[in-house]
Structures are given as C-alpha cells and as structure tokens.
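Read through the structure below, which is laid out as structure tokens, and then see the notes.
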C-alpha cells in the first residue's frame, strides 16, 4: 500500500513592521468602550469621534454654604445689651483699658439727702457664662457728691431690667437727669463650685481667727 506524504506548510512569516496599535475610545457618558485600530477615527457610521477632554477641577463648582445655614452666633465673650426704650443707652467705656462700662440713667430722679433711690437704665443684659455683672460706684460721683452704689449682682441668667440703687451720703439732695452716668458695670469671672457637706474642714494656719485677729 502506497502512503501519500502529508502536506507540509511553511510557518507564517512575521511582518517587518510592528503590528498597528489599537486606540481605546472612552465615552464620557458611561457607554461601553470601543477599540478601533490605529488610524481609525470613526465608528462604523463614519461619524467623527472627538477626543474627550479632561475637566479641570478648577471648573467644578463646589458649594461652600449649605442651604438654610444659620447666621453666626454672638461670640461667647460678648456682653449682649437690649435697649428697652428710646431713652436707653448702651453701656460705654471711658477708655480702652477701663475695667467697667458706664451705665446711664433713663429717668429724671432726685436722690434725697441721707437717703437712697432706684434709678432705671431701661436696658437688659446677658453677661457671658462663667461671669457675673457687678454694679460699682463711679469714683467721680462718690468724691464730688457723696453718691455711693449699693450692692448689685447681675447673674448670667438674669434678663430683667438693670436698676441701680444709689445712696446719697451728703446733706444735699442730688438730681439726676436722663442720660447721666450713674454707675459702672464690671463683668467678673467666677467659679461655680459644687456644695459638699463634710464632717470636718481641713486645718489651716489661720484657723478660726477673724475680726482683726491678724492685726
């Protein structure tokens, strides 16, 4: 039996130049990508495909304020003042480093000799938390007219009108007009300790000595 030899095939020859690279076209809309041979600029429809441009981050709008954002609150250290009438005046400072703010009268008042009287300011205030307002006398009124200020403490949660009690230590009636400076408001820091009842207090060098015991 004669055998027919199997046909032989020559191995494929390699091209002398590299294969053409393929270009990947990216659709910004999110559609599936299409790969076309190098040099091809269109889809099967023949329409030109523009090269997508990268969007610069500088052109992207980023909102900086939320809708309905509240107005900024007052600083925690601010002395808030509400004027209650057209005769009221906000407290002022006589100098940059003055300790107190001058308070103004909203009434015409006569402080009788050797007597006392309440003078309304027609303002309400809110001192910062952790402080209180102390009503102190004005040195000018005390030195020239014998007008002193009786105790006055304004707590951080008090929102009523600020009234000043003036005492006349002289023998002459003292007249106050609307807009006169009558006292000063000093805002002081305080501690708010918790009250603890104990059986015995800690000993100290001074002990119970008082009423001139230290000389």
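The values are calculated or read from the model by the stated rules, or taken from the named source; none is laboratory data. The shown structure was predicted, so the numbers you read here are calculated from the model rather than taken from an experiment. In this analysis, Cβ positions are derived from the backbone assuming ideal geometry, glycine residues included, and neighbour counts consider all displayed protein chains.
Number of residues in segment 105-150 that are in contact (Cβ under 8 Å) with a residue 40 or more places away in the chain, buried (at least 16 other Cβ atoms within 10 Å of the Cβ) and more than 13 Å from residue 166 (Cβ to Cβ) equals 11. Here residue 178 meets each of (1) in a strand (DSSP E or B); (2) touching a residue at least 40 places away in the same chain (Cβ under 8 Å) with one exception, condition (1).
Can you name the condition, by its number, that residue 203 falls short on among (1) in a loop (DSSP other than H, G, I, E, B); (2) exposed (fewer than 13 other Cβ atoms within 10 Å of the Cβ); (3) at pLDDT 95 or above? Residue 203 satisfies all of (1) in a loop (DSSP other than H, G, I, E, B); (2) exposed (fewer than 13 other Cβ atoms within 10 Å of the Cβ); (3) at pLDDT 95 or above except (3). Picking from residues in segment 78-97 that are surrounded by 12 or more Cβ atoms within 10 Å (Cβ to Cβ), touching a residue at least 40 places away in the same chain (Cβ under 8 Å) and part of a loop (DSSP other than H, G, I, E, B), the one that is farthest from the chain's Cα centre (by Cα) is 87. Only one of the listed residues (123, 182, 135, 154) is over 32 Å from the mean Cα position of the chain (by Cα) and under 19 Å from residue 106 (Cα atoms). That residue is 182.
On the stretch given as segment 123-167, residues that are in a strand (DSSP E or B) and within 23 Å of residue 94 (Cβ to Cβ) total 21.
Filtered by the rule that a residue be closer than 29 Å to residue 97 by Cα and loosely packed, with under 13 Cβ neighbours inside 10 Å, segment 169-178 gives a lone residue, 177.
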